[in-house]
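Notes follow the structure.
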Amino acid sequence: MALPKRRHSRSRTRLRRSHDALTATGLSICSECGEPKQPHRLCGNCGTYKGRTVYSLDTEVE
């Protein structure tokens, strides 16, 4: 297995790692209830997606 002949400098290491930063996920507003949600996802508050109810959250558990 190959080994590096010389040590990489700090600047070279940091240049390589400059693309490793995490980005925050985008948020959009639900058109039904106005809560923030991830785009292209079901709203966790009201259970709608693209204006139609996909999951009803009104069911009661006994």
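The values are calculated or read from the model by the stated rules, or taken from the named source; none is laboratory data. Note that the structure is a prediction, hence the values are computed from the model and not measured. No Cβ is skipped: glycine too gets one built from the backbone with ideal geometry, and neighbour counts run over all protein chains shown.
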Would you check if there is a residue in the range 16-24 being at pLDDT 90 or above and β-branched (Val, Ile, Thr)? yes
Index of the failed condition, Lys50 passing every other in (1) surrounded by 10 or more Cβ atoms within 10 Å (Cβ to Cβ); (2) on the phi > 0 side of the Ramachandran plot: (1)
Pairs returned, first residue in the range 30-43 that is free of Cβ contacts under 8 Å to residues at least 12 places away in the same chain and loosely packed, with under 13 Cβ neighbours inside 10 Å, second residue that is of a type in the set (S, T, N, Q) and in a loop (DSSP other than H, G, I, E, B), beta-carbon separation under 8 angstrom, 6 or more apart or interchain, are Glu35/Asn45
Between Ser11, Ser31, which is polar (S, T, N, Q) and assigned to a loop (DSSP other than H, G, I, E, B)? Ser31
